[in-house]
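These notes are about the structure you will find just below.
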Amino acid sequence: MLKLEKNIHVIFLFLLGCRLAFIFSNAVKSPSLPETIIQPQIEEPVQTPSLRGTKQSASQQISSEIIGIDRLTSSLQNKVDLTQDIGILETEYQKNKNIKVGTTLIEKLAQNYEFEKANQYLQELIINPDYDGDVKPTLHLYIAIHDPTIVSITDPQSIQKIIPIMDEYKNLAPGKDPGAGRLEADDYNFYQGLIKLRYKDYKGARELFNGISSARYKVSIQAITQAISTYNSSKAIPKYYQDALVSLALLKNGYFSIAKKLALETALEDNKYILPYQILAYTHFLTNNRESANDYFLKLADVDISNKNLYKFLIGISFYRSKEYSQAILYLSQVNDASLQTDAYRYMLLSYKAEDDIKSMVDIRQKLLGQQDLPAGEGMTGSDYYDYFYQAFYAPYSINVKSAIYEENKLLADMYLTNCTTTFTGTAADICTYGNIGRKLIDYNPSTGRPDGLSTFDLGLLTNLANTYNESYLFSIIGDLYRLQNNLTEAKKSYAQALSLSTDSAEQDIIKSKISQINN
């Protein structure tokens, strides 16, 4: 039986609790990787357009500059749907090997903890004659120390391979912006300290850390040195407990490769000690090694009964990310902890969506609606409403098909709209306006083939919504409304704006067809 060291266990669960918040929206800005240490996170955003956008006029958006490389890279900086972003960037980079696109792609891959792939693109970028140190040295080092082809968990000497990279950046001549292409002393010493930690030279690591003044490393250094000091002040516990505490501190601050190595060695020292298994499960999970993560989570679920729901939940997410949707649903459906239930429903919804199981999606939507009265952080949010409105109303309209979700349960749409109105006030109620406009798109008139509600739209309200949220389908609806009014010039402008924003080929074809009909 694995030992449950209470205080350490609580620390780890607190870590998980802080990071398990399900980001069910693309409206959260991603951290800037070159400027910050990457923090571990368990989050799976819904693959729908962002509710929050920039307020830009149609004339600004239609310009060639906006729809070019700059628009692609800047717009993707504000999304957390990393998998989708990475796919778009990879396709664009393969077309023209653009340095800016390649740099953004590398940042996104690192943010998604795909370190080996990030390093492959980085090496390709470095040999490009036009490359001018666009990837910052700290990001290069962060990728290198986590790329398993460079630093191996089984080869203790492999971490020495990052030293030549450090030395090369350190020895660059200072420029106007030395931080962009040259490794500063604090950066160099911090990574030297990480190497010391890899060899459990905690005294040497602390000496290096003590000389660092950069605010960038303050939180990480405090956590690591506190973990070292905890053991020093508590000699009654075995020495390898210190390694586990340092491993946990490294994990919490995003240094997975060293955390994983220390945890593995601790587990080998005492196979009944639970903390290193938790760390190994979590590091494998975050760095996309799903099979190994599930092995650890399953073992933990058998021995740590009080947290069985948490492990089943994480196993479900792991299967979802591996696109094994039926397995994901199997484990997520076993979660009955109130604090995890809403997130479990959300992942089940994503899994059913991937399998195109409309009936089950609607059933989960109804269960989600029952979560609205839970405490903050455990129940529904505005993004849940937004996602339903998009899937039920806007997505079908944008590709000219009937809404299967709406047809499956028409009453549910009215329930979402009613509850939205009673739940949100002020600017938060924009989501309800979004839903009510979408609802008018549903009722088609068979004689015209168009929704009866379209002619009743408030054009000013709709235009404001489109300029605020900056979504292709909203501008397409405005174009349809102008066509109904026979204002073909404005209709064409709106369709052009919609086309410049759309990333869906089916939607693009429909918009092009509408423009062609006007031209003819």
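Quick notes
Results for (1) of a type in the set (Asp, Glu); (2) within 21 Å of Asn307 (Cβ to Cβ); (3) within 23 Å of the chain's Cα centre (by Cα), shown as yes or no for each residue.
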| position | (1), (2), (3) |
| --- | --- |
| Gln334 | no, yes, no |
| Ser360 | no, no, no |
| Arg365 | no, no, yes |
| Tyr390 | no, no, yes |
| Asn409 | no, no, no |
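- Total residues in the stretch 217-236, condition outside any helix (DSSP H, G or I) and either among the small types (Gly, Ala, Ser) or modelled with pLDDT of 95 or more (or both): 3
- Remark: Tyr406 matches the filter, which requires a residue to be without any contact (Cβ under 8 Å) to a residue 60 or more places away in the chain and out of contact with any Ser or Thr (no Cβ under 7 Å at 6 or more places or on another chain).
- Evaluated against (1) without any contact (Cβ under 8 Å) to a residue 12 or more places away in the chain; (2) in contact with a helix residue (DSSP H, G or I) (Cβ under 6 Å, 6 or more places away or on another chain); (3) hydrophobic (A, V, I, L, M, F, W, C), Ile127 falls short on exactly one condition, (2).
Matching residues to (1) over 22 Å from Ala144 (Cβ atoms); (2) touching a helix residue (DSSP H, G or I) at 6+ places or on another chain (Cβ under 7 Å):
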| site | (1), (2) |
| --- | --- |
| Gly211 | yes, yes |
| Ile228 | yes, yes |
| Gly254 | no, no |
| Lys260 | no, yes |
| Thr266 | yes, yes |
| Asp270 | yes, yes |
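- Members of the stretch 478-505 that are among the aliphatic types (A, V, I, L, M), at pLDDT below 90 and either surrounded by 15 or more Cβ atoms within 10 Å (Cβ to Cβ) or more than 17 Å from Asp458 (Cβ to Cβ) (or both): Leu481
- Of the helices (runs of 4 or more DSSP H) contained entirely in the stretch 125-216, those carrying at least 2 residues that are surrounded by fewer than 17 Cβ atoms within 10 Å (Cβ to Cβ) and small (Gly, Ala, Ser) fall at 178-181.
- One residue stands out among those in the stretch 254-297 that are among the hydroxyl-bearing types (Ser, Thr, Tyr) and assigned to a helix (DSSP H, G or I): the one that is surrounded by the fewest Cβ atoms within 10 Å (Cβ to Cβ), which is Ser292.
- Test: residue in the stretch 352-370 that is of a type in the set (Ser, Thr, Tyr), crowded, with 24+ Cβ neighbours inside 10 Å and assigned to a helix (DSSP H, G or I): no
The values are calculated or read from the model by the stated rules, or taken from the named source; none is laboratory data. Keep in mind that what you see is a predicted model, and the values were worked out from it rather than measured. Here the Cβ is made from the backbone with ideal geometry for all residues, glycine too, and neighbour counts use every protein chain on show.
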